[in-house]
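> One structure is given below, represented as structure tokens, and several questions about it will come after.
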Ligand code: IDP
Ligand code: MG
């Protein structure tokens, strides 16, 4: 298992519903380390770039309107196996079948309002991080005193 970085965003529904703290806590509690974070409103162009793989699908225009409707919290989380850990913590895409205990399974009811995004693999993580953050915005190499209790090394 290698140390990875993954892109996570709290979508406008999560921000509007006052769930920023609760969602961030899930990733902190899991043991992942926050290395970048900002509150921002996405432009239509940036939203279309981020969700480029879904262009042409029936839900694409609605998805772009939704993700640009209010501020999002863009974050980068780091840790061993961070990409799949974050996806597991987020839960299945459709909250109707997300397991209880996952973020979507605990806080959301339908696919068009599923409150959080997480990269689905190493290539998309690298691509998405570079869309949202410059290198200087990512906090380099900070280590936590608790790291040895989260991971064997
Ligand atoms: P993911 O967010 O779990 O990676 P994707 O399949 O990559 O799921 O879809 C991206 C986002 O597009 C979903 O999180 C959801 O917000 C939205 N989406 C996907 N499928 C549908 C749909 O059928 N109706 C409405 N929105 C959808
Ligand atoms: Mg996806």
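> Scan segment 57-68 for residues that are more than 15 Å from ligand 2 (Cβ to nearest atom) and surrounded by fewer than 17 Cβ atoms within 10 Å (Cβ to Cβ) and report the count. Steps first, answer last, please.
Within segment 57-68, the subset more than 15 Å from ligand 2 (Cβ to nearest atom) is 58, 61-62, 65, 68.
Narrowing further to those that are surrounded by fewer than 17 Cβ atoms within 10 Å (Cβ to Cβ): 58, 61-62, 65.
Summing the residues that are more than 15 Å from ligand 2 (Cβ to nearest atom) and surrounded by fewer than 17 Cβ atoms within 10 Å (Cβ to Cβ) in segment 57-68 gives 4.
> Let me ask something else. Give the residue, chosen from 35, 15, that is away from ligand 1 (no atom under 15 Å from the Cβ) and either farther than 18 Å from residue 150 by Cα or surrounded by 12 or more Cβ atoms within 10 Å (Cβ to Cβ) (or both).
On the way: 15 fails: away from ligand 1 (no atom under 15 Å from the Cβ).
Only one candidate qualifies: 35.
> Out of curiosity, is residue 27 surrounded by 14 or more Cβ atoms within 10 Å (Cβ to Cβ), more than 28 Å from residue 153 (Cα to Cα) and within 16 Å of ligand 1 (Cβ to nearest atom)?
no
> Identify the residue in segment 114-153 that is assigned to a helix (DSSP H, G or I) and more than 17 Å from the chain's Cα centre (by Cα) and, among all such residues, is farthest from ligand 1 (Cβ to nearest atom).
Within segment 114-153, the subset assigned to a helix (DSSP H, G or I) is 122-132, 135-137, 147-150.
Retained after the next criterion (residues that are more than 17 Å from the chain's Cα centre (by Cα)): 135-136, 147-150.
On the way: 135: 25, 136: 28, 147: 28, 148: 32, 149: 30, 150: 25 Å.
Residue satisfying both the conditions and the ranking: 148.
> Turning to a different aspect of this structure: Does segment 70-113 hold any residues that are in contact with a helix residue (DSSP H, G or I) (Cβ under 8 Å, 6 or more places away or on another chain) and either without any contact (Cβ under 8 Å) to a residue 12 or more places away in the chain or in a loop (DSSP other than H, G, I, E, B) (or both), and which are they?
The answer is 70, 71, 91, 92, 93, 94, 98, 99, 100, 108, 109, 110.
> Just give me the residues in segment 1-53 being assigned to a loop (DSSP other than H, G, I, E, B) and either within 16 Å of ligand 2 (Cβ to nearest atom) or closer than 17 Å to residue 81 by Cα (or both), in sequence order.
Scanning segment 1-53 gives 1, 2, 11, 31, 32, 42, 51.
> Return the residues of segment 104-135 that are more than 23 Å from residue 62 (Cβ to Cβ) and more than 14 Å from ligand 2 (Cβ to nearest atom); say none if nothing qualifies.
Hits for segment 104-135 are 106, 126, 129, 130, 133, 134, 135.
Just so you know, all these numbers are worked out from the coordinates, no wet-lab data involved. Note that this is a predicted model, so its numbers are computed, not measured. Using ideal geometry, Cβ is built from the backbone for each residue, glycine included, and neighbour counts are taken over all protein chains shown.
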